[in-house]
Amino acid sequence: MHRIETIKKMKKLNEDTFLIRIKSEAIASRAVAGQFVNIRCSEGMDAYLRRPISICAIDREDNTFDLVYQVRGKGTRLLCGFESGDQIDVLGPLGRGFTLNPEHQHIVVVGGGIGTFPLLQLLKDHPAKKKTAILGFRTKELVVLEDKFKKHSHELLMATDDGSYGQKGFVTTLLEQMLIKERPHMVYFCGPAIMMKRGVEIVSKYGIPCEVSMEQRMGCGVGACLVCACKTKKGEDWDYSHVCKDGPVFAGHEVVFEE
Amino acid sequence: MHRIETIKKMKKLNEDTFLIRIKSEAIASRAVAGQFVNIRCSEGMDAYLRRPISICAIDREDNTFDLVYQVRGKGTRLLCGFESGDQIDVLGPLGRGFTLNPEHQHIVVVGGGIGTFPLLQLLKDHPAKKKTAILGFRTKELVVLEDKFKKHSHELLMATDDGSYGQKGFVTTLLEQMLIKERPHMVYFCGPAIMMKRGVEIVSKYGIPCEVSMEQRMGCGVGACLVCACKTKKGEDWDYSHVCKDGPVFAGHEVVFEE
Amino acid sequence: MSLQKDLSVNVAGLKLKNPVIAASGAFGFGREYSEYFDLNRLGGIAVKGLTLLPRKGNPPPRIAETPAGILNSVGLQNPGVHAFIEKEIPFIRQFDTAIIANASGNTVEDYESMVEILSAADIDAIELNLSCPNVKEGCMSFGSTAQGVSQVVSRVKPRAKKPLIVKLTPNVTDIAEIAKAAEDAGADAVSLINTLLGMAIDAHTRKPILANVTGGLSGPAVKPIALRMVYQVSQAVKIPIIGMGGISNGIDAVEFLLAGASAVMIGTAGFVNPMAWVETVEGIEAYMEEQGVKNVTELIGGLMV
Amino acid sequence: MSLQKDLSVNVAGLKLKNPVIAASGAFGFGREYSEYFDLNRLGGIAVKGLTLLPRKGNPPPRIAETPAGILNSVGLQNPGVHAFIEKEIPFIRQFDTAIIANASGNTVEDYESMVEILSAADIDAIELNLSCPNVKEGCMSFGSTAQGVSQVVSRVKPRAKKPLIVKLTPNVTDIAEIAKAAEDAGADAVSLINTLLGMAIDAHTRKPILANVTGGLSGPAVKPIALRMVYQVSQAVKIPIIGMGGISNGIDAVEFLLAGASAVMIGTAGFVNPMAWVETVEGIEAYMEEQGVKNVTELIGGLMV
Ligand SMILES: Cc1cc2nc3c(=O)[nH]c(=O)nc-3n(C[C@H](O)[C@H](O)[C@H](O)COP(=O)(O)OP(=O)(O)OC[C@H]3O[C@@H](n4cnc5c(N)ncnc54)[C@H](O)[C@@H]3O)c2cc1C
Ligand SMILES: Cc1cc2nc3c(=O)[nH]c(=O)nc-3n(C[C@H](O)[C@H](O)[C@H](O)COP(=O)(O)OP(=O)(O)OC[C@H]3O[C@@H](n4cnc5c(N)ncnc54)[C@H](O)[C@@H]3O)c2cc1C
Ligand SMILES: Cc1cc2nc3c(=O)[nH]c(=O)nc-3n(C[C@H](O)[C@H](O)[C@H](O)COP(=O)(O)O)c2cc1C
Ligand SMILES: Cc1cc2nc3c(=O)[nH]c(=O)nc-3n(C[C@H](O)[C@H](O)[C@H](O)COP(=O)(O)O)c2cc1C
Ligand code: FES
Ligand code: FES
């Protein structure tokens, strides 16, 4: 879907994290957790390519969806210039979202930084009886949406790199501590590649399946230009899959993580 | 002067002509009639070069100056997105303005289309006893600032190409009709090259001095890049002068008009 | 719109209902964008660059944004010409649009085989890619000398049973000379420009943004270079030209036609605006309406210099 | 800022207090911009391209705006080298900044005379312009082959009593080869890139926008090409490189230093922002502060590939 939609809300969540709520029946009614949209941040040349942003939350009654993004460069900075009521050019929902298997009674979502955002709708939609969220941020000031995650999970563990909030250290350490005691049916990762790589190693050790949501620089966002390559296993060999179409969510064991 | 100034007023004068009033002590106190400013229409790449716009009016008490512009392309279209209170990046006042000789007791200004705008401040500043304005537009809808011109001239003649307002035909025809009867001391032209060329021919015939305000595509606007060339006489030969620095106002007999 | 307009063009035997073609590499095999608009509206589709055997392409990141453009270093990832024929042609053939097979090789023999195989396939033209800057062997190394172009084209031409379009690289001193070499060696048409070799650096990490270090520049930034090259080539050869490089809308396309192109291709602009291809067709029509141009062919080479 | 930083560089004997130089043709002879900022803040000034005799240049329009760039076709309008020496050097010498005389010619003999004349003048370096795309004779025609470059450089080098910088055109197949030819023929440094030959068309009038039909492309649009070329040349030659093409700020400049340039030049960006030159010096300083770089020379060629 390529649509010009209306912004319903712009909210600053912290120093450099913002929420945009967009009204779009077409997207809200079709999107599933883990999918993304490809957004035009300026009408002209100033951020020429679209920017991929995950869908963080969907309100299927209100026909809106939320994006939460961190300002990183030109495009995300321009996005901050939008106001409620403005029109925005969105392509989506795109890609393959998370798998929601009703047989999985206990799931764990593990997110780091901007990777936490797409896990929110997953928690909202997943039918599991027990949902654990393990979220990591660099520091206390960057923690956002904690109340929402609390609301949609049964257990919420927080970590910061510097120990300024929650436990000091990595989410993968928290995960491992948990797996010593518990055996969830499924783990979902979204965050820095290094975290996901380590995460997949850990859950594999315990024989637990997992999914990871990958990031890659994109062109078209729809699978036509082949720039968003991600190394995935293919029999004995490997091949490049494409994050925008085959992903962003992949089975954890599929992905060949590199240094 | 390179300055970031504040817009005090934006006004739509007709379908595609706009007035911007900018507060700037630096510019208002230095500028003379016929000079221009070089304006940045967007912060980014969408209209990469600055756009030269003549100073239409100066309020030296209020420390503001007015630009009046017609929407032609990307840059002028972007200018319409500005609002009162916004900051704008202006370089100016630039170039050589009109010569105001107190001995000239009767002056005539002859303007066509967007070329009429810079003549307003000239009328305001010139000490002549009699000031005639001959203004031409394509059609009635494009006529702007008539009241201001009326206020600052003793005689105002209007022409439109299609006869929808004032006399049908060219301003040069009106000028010639006038010169048959009167002998002004100085004539100032600003408008399409073909009009100015014809105008210079006419006044030369009557031995009346004149000045013309030239247009050319610009780069720097300050005389450094040499792109805004204008053929001018140099002894028996000719050379390229530069509209942004040697002009935009030239003595009528200096300019070598080409087809 | 009132004027009765004819947008069709004939490029060396390749009949197009309108002069707008999706550029190779930007449109996959058409499947993805078929969800966004009706492929029947396109003059043609140049499919992703094909090679004899499947290719994995280069490691990511494969794209970098640059001022008014992008760099890509895909490196001809494709499933191979046989998979294309089997799985992709039937899909595209559902639509009434020309299929242009973009073919690359490492050796002259590769090009020969590709042309033979494609000549037997249900496609409308072959675009010989002598200009991909993102692969180490072959391709651009053939395309960057008149001799290389001449060698490949003269060897493949006898095997070509479809219109043979030779795609030229802009990374050369004199593109007109290269185009002439292609013409003399038997090319039915030339297409230009492929991407300009470029590079982007992240000052903070002090590393190139592309894993491949360099990549090919495309998008609006290159339009002035592409237009100049199309114009130069149009002065040097008699065969038709397909122009591309930064075209985003109907006016851009008209500029290329005026400069001497018989048709245009659009790549990068589609990433930003998936309707760019269709809107370009509409934009050309609107221009024709406004200027009273009945037949789009009137515009070709119509630049007044 | 706390860090004690050294921004000075030495480019083949040309000492610059910082690596930022105003590019030739964009800065006249310094007079105009001296009203906007203190010229003492510049590493150097490359003056408008000079020729033996005064030149009128090309007819207007001489500029066209393009996506993230401009085309110019000034065509070396200048008062001649003698007027420069008499009237302009004394003005620029008031400031503590290096003077680089940019010299063009139609024939090898012209270049020889220019170098002799300039060697006797009060300037700091000579930049041999073998790359202007806007004049019919000489210049780019020498610069577009290794042989041409070699010929001119080897003939002028013995006459040069100042550091000799050879300015290269990007309109070539292999710029590294050309740079190597310059080095082998005795160039003390190379500067690149000059403008890329381009064209702009007004679809409505069906005419080229520039009276000269084609012009040279500069500005942000060309930055990826320029960076790639600087990098390629840095891999091929040992002499220092002055990098340019689309630099607008400190980060852009750092990218060129990392790619292998010892200094940078800025042209087009100054038209848009007259403070671009000074802000680039400040931007490099800010980068050094942030990254803990004490000596700007640490950045040169520091790209991690
Ligand atoms: C599938 C997917 C989902 C994402 N979801 C979110 C999200 O929900 N919230 C959020 O804050 N961020 C998200 N990102 C990252 C976000 O796309 C980048 O932060 C953003 O593109 C940076 O753009 P910029 O203009 O600010 O930075 P610039 O550095 O100016 O961007 C330059 C170019 O690089 C690309 N780029 C830079 N960083 C990244 C990156 N990390 N991933 C992909 N492309 C990049 C940009 O898209 C652009 O093309 C997601 C990325 C992907 C691939
Ligand atoms: C000294 C001077 C004073 C001017 N004063 C006024 C004025 O008071 N009011 C007014 O409405 N217009 C004035 N103009 C014309 C005005 O500069 C152009 O209409 C404007 O630059 C068009 O920009 P655009 O982005 O809308 O058009 P585009 O066509 O998108 O512009 C593309 C490029 O061409 C240049 N360009 C296009 N047309 C002209 C032109 N006629 N003259 C110079 N450059 C041009 C633009 O500056 C830009 O670099 C003046 C021009 C000059 C040289
Ligand atoms: C992501 C990408 C992949 C490309 N792949 C190919 C290819 O496989 N074969 C080819 O001949 N050209 C390829 N090109 C070049 C385009 O077909 C076209 O020549 C170039 O991008 C200029 O046009 P544009 O500015 O409209 O994109 C590719 C371009 C891009 C951006
Ligand atoms: C208006 C203009 C005039 C130029 N004149 C000259 C010149 O006389 N000699 C020369 O070597 N380069 C000349 N150049 C090229 C610049 O010095 C520089 O190589 C080029 O513009 C790329 O840098 P930029 O993108 O920072 O402008 C000129 C460039 C412009 C824009
Ligand atoms: S971004 Fe184009 S294929 Fe993924
Ligand atoms: S615009 Fe640069 S000299 Fe006039």
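Bear in mind that the values in this text are calculations on the coordinates, not laboratory data. No experiment lies behind these values; they were computed from the predicted model shown. Ideal geometry is used to build each Cβ from the backbone, glycine not excepted, and the neighbour counts take in all protein chains shown.
Shape of chain C from its Cα gyration tensor (a ≥ b ≥ c, root eigenvalues): rounded if a/c is under 1.5, otherwise prolate when a/b > b/c, or oblate? Display every interim value, and only then the final one.
On the way: a/c = 1.30, a/b = 1.18, b/c = 1.10.
Because its axes are fairly even, with a/c under 1.5, chain C counts as rounded.
What does the charge count near D:Val278 come to, summing +1 for each Lys or Arg and -1 for each Asp or Glu among other residues with Cβ under 14 Å from its Cβ? Don't jump to the answer; show the numbers that get you there.
On the way: positive: D:Lys17, D:Arg41; negative: D:Glu35, D:Asp38, D:Glu279, D:Glu282, D:Glu285.
Local net charge: -3.
For a straight C-alpha distance cut-off of 15 angstrom, the aspartates and glutamates reachable from B:Lys124 (same-chain residues fewer than eight places away being disregarded) are B:Asp59, B:Glu61, B:Asp66, B:Glu146, B:Asp147, B:Glu155.
If you take every residue apart from C:Glu183 with its C-beta less than 13 Å away from the C-beta of C:Glu183, what net charge results, scoring Lys and Arg +1 and Asp and Glu -1? Computed value for this residue: 0.
Rounded to the nearest 500 deg cm²/dmol, what is the calculated helix-only ellipticity per residue at 222 nm for chain A, with -39500 (n - 2.57) per DSSP H run of length n ≥ 4?
Details: 6 runs with 52 residues, N = 259.
Calculated from helices alone, the mean residue ellipticity at 222 nm is -5500 deg cm²/dmol.
Overall shape: oblate for segment A:44-170, with the ratio a/c of the largest to smallest alpha carbon gyration tensor axis at 1.5 or above and b/c at least equal to a/b. Distance from the C-alpha centroid of segment C:140-187 to that of segment B:233-251: 49 Å, rounded to the whole angstrom.
When C:Ser104, B:Ser29 are sorted by how many other C-beta atoms sit within 10 angstrom of their C-beta, beginning with the fewest, the order is B:Ser29, C:Ser104. Please compute the net charge surrounding C:Val296, taking Lys and Arg as +1 and Asp and Glu as -1 over other residues with Cβ under 11 Å from its Cβ. Around C:Val296, the charge tally is 0. With the charge dipole of chain D set up from +1 on Lys and Arg Cβ and -1 on Asp and Glu Cβ about the Cα centre, the Cα lying farthest toward the positive end among the listed residues D:Ser8, D:Leu217, D:Phe91 is that of D:Leu217.
What does the C-alpha gyration tensor say about the overall shape of segment C:52-103? Classify as rounded when a/c is under 1.5, otherwise prolate if a/b is larger than b/c, or oblate. The shape class here is oblate.
Figure legend: label point modelled 7 angstrom from the Cα of C:Thr205 along Cα→Cβ; residues of segment D:280-305 with amide N under 12 Å from it are D:304-305. Distances between copies at B:Val256, taken between label points 7 Å from Cα along the C-beta direction, are 6.9 nm in increasing order.
Checked against a 29 Å cut-off, the cross-linked pairs D:Lys56/D:Lys167; A:Lys205/C:Lys48; C:Lys162/D:Lys207; B:Lys148/B:Lys168; B:Lys140/B:Lys197 give Cα-Cα distances beyond that limit for A:Lys205/C:Lys48; C:Lys162/D:Lys207. Of the residues C:Leu168, C:Ile21, C:Gly267, the one whose Cα sits farthest toward the positive end of the charge dipole of segment C:9-299, with +1 on the Cβ of Lys and Arg and -1 on the Cβ of Asp and Glu, is C:Leu168.
Just rank B:Val32, B:Val212, fewest to most, by other beta-carbon atoms within 10 angstrom.
Details: B:Val32 18, B:Val212 29.
By the 10 Å Cβ count, ascending, the order reads B:Val32, B:Val212.
A label point on C:Lys15, set 7 Å along the Cα-to-Cβ line, lies at 7.6 nm from each of its counterparts in the other copies, closest listed first. Each of A:His152, A:His2, A:His126, C:His204 was scored by other Cβ atoms within 10 Å of its Cβ. Listed from fewest to most, they are C:His204, A:His2, A:His152, A:His126. Listed by chain and number, the aspartates and glutamates whose alpha-carbon sits under 12 Å from that of C:Lys15, ignoring those within fewer than 8 places in the same chain, are C:Asp96, C:Asp124.
Kindly flag which residue pairs out of B:Lys74/D:Lys223; A:Lys245/B:Lys74; B:Lys74/B:Lys234; D:Lys157/D:Lys294; A:Lys74/A:Lys245 have an alpha-carbon separation exceeding 31 Å in this structure. Pairs exceeding the cut-off: A:Lys245/B:Lys74; B:Lys74/B:Lys234; D:Lys157/D:Lys294. Comment: the Cα-to-Cβ extended label point of B:Asp86, at 7 Å, lies 1.2 nm from its counterparts in the other copies, nearest first. Charge dipole of the protein assembly as shown (Cα centre as origin; +1 on each Lys and Arg Cβ, -1 on each Asp and Glu Cβ, all else neutral): 820 debye, rounded to the nearest 20. Remark: segment D:105-119, residue by residue, has Karplus-estimated 3J(HN,Hα) of x, 8, 10, 4, 4, 4, 4, 4, 4, 4, 5, 5, 4, 6, 5 Hz, where x stands for each Gly or Pro and the curve is 6.51 cos²θ - 1.76 cosθ + 1.60 at θ = phi - 60°. Taking label positions 7 Å along the Cα-Cβ direction at both B:Ser84 and D:Glu35, the computed distance is 3.2 nm, reported to one decimal.
As a test, work out the antiparallel percent of DSSP beta bridges whose residues both lie in chain A, rounded to the nearest 5.
Numbers: 40 of 65 bridges.
In chain A, approximately 60 percent of DSSP beta bridges are antiparallel ones.
Under the convention that each Lys and Arg Cβ holds +1 and each Asp and Glu Cβ holds -1, the size of the dipole of segment D:9-299 around its Cα centre is about 660 debye. Within the same chain, lysines fewer than 8 places from B:Lys9 are excluded, and of the rest, those with a Cα less than 16 Å from its Cα are B:Lys23. For segment B:78-163, GluC sites (Glu not before Pro) meeting the loop criterion (DSSP other than H, G, I, E, B) and having at most 12 other Cβ atoms within 10 Å: B:Glu83, B:Glu103.
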